[in-house]
Amino acid sequence: MAMIQEIKAFKSSFPDLKKNYEEACSDQSFLALVNRLGLSSQVAMKITSKLQDTVRECKHCERCQGLYMCQNALKGYVRIPEKKQKQVIFSYAPCKYQLKMMETKREKEKKANINLFARMKDIDVSGDKKRIEVIKWIDRYYEQYDFSKTKKGLYLHGSFGSGKTFLISALFHELEIEKHASICIAYFPEILRTLKDDWEIYESKMKHYQMVDLLFLDDIGAEKITEWGRDEVLGTILQYRMEHQLPTFFSSNMSIGDLENHLAGVGPFKDLVKARRIIERIKQLSEEKELISENRRK
């Protein structure tokens with residue numbers, strides 16, 4: 001009985017379904033999707049609106065320049081149909097920007113798992129001799145640390161996976177536990193993303209980055225450079241910490257010279273003067289050291 005009622009309902013709505021389908025077929029993108037799935041007109045007719053949603057979302061993605069511009073129903077995802085036997089199943093697939101963000105998050109979590117509980121006793125002093133100078137610097141900094149006396153932080157750059165983040169994180173956790181310093185270890189690209197996505201926390205987060213006893217900006221130079229990120233976020237944080245002589249640490253795959261070129265940007269918005277101002281603040285706040293070593297993430 002239920003089956004008979006369903007057939008009658010379909011027949012009564014058939015003229016409207018057919019009309020909608022025929023109008024949708026005037027869009028070449030819609031036709032291409034139907035053909036790619038190998039759908040008969042009778043099957044496609046029943047799901048015309050859902051197929052149109054997919055076409056619309058794919059067109060949004062073609063014009064999109066970032067997650068902040070996403071116009072799709074589920075931000076960062078596009079609704080994709082897949083034919084399984086005689087059914088068409090719709091699911092959500094991440095766009096290229098969402099995939100990049102997910103990869104960044106995975107990388108951050110991977111690093112966090114390693115560095116979250118790092119302590120100086122865990123530092124390997126028997127391995128690569130290229131690390132010894134940096135390890136000695138960190139050991140001296142810990143022994144001489146006194147919040148009442150200004151001491152420059154460290155700008156540590158070098159090869160990928162050489163342990164830069166681990167070494168500074170170990171020092172920070174030791175100072176927090178043993179000398180009661182307030183610390184902040186922040187992945188710099190994530191700072192920019194978080195501040196941009198949630199303006200309600202902007203002021204409180206910025207104050208925290210500016211005023212914490214010890215700040216570690218991890219992986220600076222890995223971010224996509226914008227005037228806002230460089231001048232309003234990084235410049236503001238560093239200016240405050242420089243004026244109040246608060247130790248600041250950095251890790252990067254770039255030397256300070258390379259970072260200056262990165263911060264200048266490219267094309268018509270390139271600004272070497274503003275980049276140089278940031279670099280001068282970094283030099284005022286930290287000593288530069290290089291760490292070229294084997295990839296310890298293998």
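Here are the numbers:
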| item | result |
| --- | --- |
| Answer from LYS224, LYS207 - the residue that is among the basic types (Lys, Arg) and modelled with pLDDT under 90 | LYS224 |
| Filtered residue count, segment 250-260, keeping only those that are part of a helix (DSSP H, G or I) and surrounded by 15 or more Cβ atoms within 10 Å (Cβ to Cβ) | 3 |
| Count of segment 44-88 residues which are surrounded by fewer than 13 Cβ atoms within 10 Å (Cβ to Cβ), of a type in the set (Ser, Thr, Tyr) and over 22 Å from LYS100 (Cβ atoms) | 1 |
| Among (1) closer than 27 Å to ASP139 by Cα; (2) within 18 Å of the chain's Cα centre (by Cα), the one test that LEU192 misses | (1) |
| Matching residues in segment 229-249 - criterion: being farther than 19 Å from LYS196 by Cβ, open to solvent by less than 40 Å² (accessible area, probe 1.4 Å) and not basic (Lys, Arg) | LEU246, PRO247, THR248, PHE249 |
| Count of residues meeting criterion [open to solvent by 20 Å² or more (accessible area, probe 1.4 Å) and of a type outside the set (D, E, K, R)] in segment 136-172 | 9 |
| SER162 without any contact (Cβ under 8 Å) to a residue 40 or more places away in the chain and part of a loop (DSSP other than H, G, I, E, B) | no |
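The values are calculated or read from the model by the stated rules, or taken from the named source; none is laboratory data. Keep in mind that what you see is a predicted model, and the values were worked out from it rather than measured. Cβ: placed from backbone, ideal geometry, glycine included. Neighbour counts: every protein chain shown. Just so you know, the surface numbers come from the protein's heavy atoms only, side chains and all, with ligands and any DNA or RNA stripped out. Shrake-Rupley method; radii C 1.70, N 1.55, O 1.52, S 1.80 Å.
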